[in-house]
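The values are calculated or read from the model by the stated rules, or taken from the named source; none is laboratory data. Please read all numbers here as calculations on a predicted model, not as lab measurements. Cβ placement follows ideal geometry from the backbone for every residue including glycine, while neighbour counts extend to all protein chains displayed. Keep in mind that these areas ignore ligands, DNA and RNA; they rest on the heavy atoms of the full protein, side chains included. Shrake-Rupley method; radii C 1.70, N 1.55, O 1.52, S 1.80 Å.
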Amino acid sequence: MVQPSKRSRSIASRLSETVMVGLVRGVFGLARALGPERSGAVGAALTRTIGPLLPAHKTALANIRAVYPDMPEAEVKALALSAWDNLGRVGGEYPHLGRLFDYDPDSPVPGRTEVDGIEHFLALRDDGRPGIIFSAHLANWELPAICAARFGLDATAVFRAPNDPAVARVLHEIRSETMGGLEAARQGAAFAMQGALEKGGHLGMLIDQHFTRGVPVNFMGRPAMVNPILGKFARRFDCPVHGVRVIRLPGHRFRLQLTPALNLPRDPDGQIDVQGAMQVMTSVVESWVREHPEQWLWMHRRWRVPATVQGKVSSP
């Protein structure tokens, strides 16, 4: 049997990706035609139907049971479905990100999005210092990066690209239209992130996912591993660190909340303690999740801590 050449496989791969990009753009075009409310509702209906059939649903149920051991089983299942609902809405809302964020502090008429803590955004923008902003997969977590770009905050959003190259390409196109600097989480990304801070810019990053080479923290009463890079940068640059979250409100609306700068723990030499800083940030995320658990990404295998580090995690 004649084996396909390396060149023919490369051509086939590029052709397949081109076709997939066209399909993904077609789906997003349909979502645009539906409008943000209807496309979000369609996405929610799909994930509420398909989600429980996927292996990730078992992960979600197990996570919820572990965090809320006294929760009745009916409520556990309802919470998992609500999380699928939120995830589907996020997917349906992607083509409309620019329209979703319509906050105008001078408008007497409220829009789809309101901002609590805009004064912190403005202080970050105008203080002439680098800064760090952490967030979590809550509600539509893409909106803070758009807020930063709209209000002139020099910020680089660090994101994890989807595994499917076609989806990753189209999402990057959408993000590029509405957001400021973008940096994919990949090998060598730390140098680009450091460069942004050295120029007096700001970093935005989601910190609520498992990181194998991370530091242990206590999250929702259980040990978890978190990427320490924001703590390391906070230590190196001794810059302000803020948290930002999104809350999904009734009536297809959103609220962005930016915290004041956190008071991070320091070592005897007066430098920011990296693990302690990551614990403080993680504790803020925990308070957010506990307030709106139905809007968080429970399907992720968040708690994967090697037995060798289990005993190193203490309560915050």
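Have a look at ASP126, ASP154, ASP106 and point out the one that is crowded, with 17+ Cβ neighbours inside 10 Å and either under 16 Å from the mean Cα position of the chain (by Cα) or of a type outside the set (Val, Ile, Thr) (or both).
Just one listed residue meets the conditions, ASP154.
Looking at this structure, is LEU87 in contact (Cβ under 8 Å) with a residue 40 or more places away in the chain, hydrophobic (A, V, I, L, M, F, W, C) and open to solvent by 30 Å² or more (accessible area, probe 1.4 Å)?
yes
So which residues in segment 76-112 are of a type in the set (Asp, Glu) and more than 22 Å from ILE50 (Cβ to Cβ), if there are any at all? Full working, then the answer.
Step one: filter segment 76-112 for residues of a type in the set (Asp, Glu), giving 85, 93, 102, 104, 106.
Listed by number, the residues that qualify are ASP102, ASP104, ASP106.
What about ALA277, is it in a helix (DSSP H, G or I), modelled with pLDDT of 95 or more and either over 16 Å from the mean Cα position of the chain (by Cα) or not hydrophobic (A, V, I, L, M, F, W, C) (or both)?
yes
Restricting to segment 230-270, give me the number of residues that are within 22 Å of LEU124 (Cβ to Cβ), outside any strand (DSSP E or B) and of a type outside the set (D, E, K, R).
Looking only at that region, the number is 14.
Restricting to segment 208-227, what's the tally of residues that are open to solvent by 10 Å² or more (accessible area, probe 1.4 Å) and assigned to a loop (DSSP other than H, G, I, E, B)?
Residues that pass the stated criteria total 8.
I'd like to know if segment 275-282 contains one or more residues that are out of contact with any Asp or Glu (no Cβ under 9 Å at 6 or more places or on another chain) and hydroxyl-bearing (Ser, Thr, Tyr).
No: segment 275-282 contains no residue that is out of contact with any Asp or Glu (no Cβ under 9 Å at 6 or more places or on another chain) and hydroxyl-bearing (Ser, Thr, Tyr).
Tell me which of these ALA136 doesn't satisfy, since it passes every other one: (1) under 30 Å from PRO223 (Cβ atoms); (2) open to solvent by 40 Å² or more (accessible area, probe 1.4 Å); (3) not acidic (Asp, Glu).
(2)
Look through segment 288-303, keep the residues that are touching a strand residue (DSSP E or B) at 6+ places or on another chain (Cβ under 9 Å) and among the charged types (D, E, K, R), and return whichever of them is most open to solvent (accessible area, probe 1.4 Å).
Of everything passing the filter in segment 288-303, GLU291 is most open to solvent (accessible area, probe 1.4 Å).
Among (1) open to solvent by 30 Å² or more (accessible area, probe 1.4 Å); (2) of a type in the set (S, T, N, Q); (3) under 18 Å from ARG301 (Cβ atoms), where does THR49 come up short?
It is condition (3) that THR49 fails.
For LEU256, work out the one condition from (1) in contact with a Cys (Cβ under 7 Å, 6 or more places away or on another chain); (2) open to solvent by 60 Å² or more (accessible area, probe 1.4 Å) it doesn't fulfil.
Of the numbered conditions (1) in contact with a Cys (Cβ under 7 Å, 6 or more places away or on another chain); (2) open to solvent by 60 Å² or more (accessible area, probe 1.4 Å), the odd one out for LEU256 is (2).
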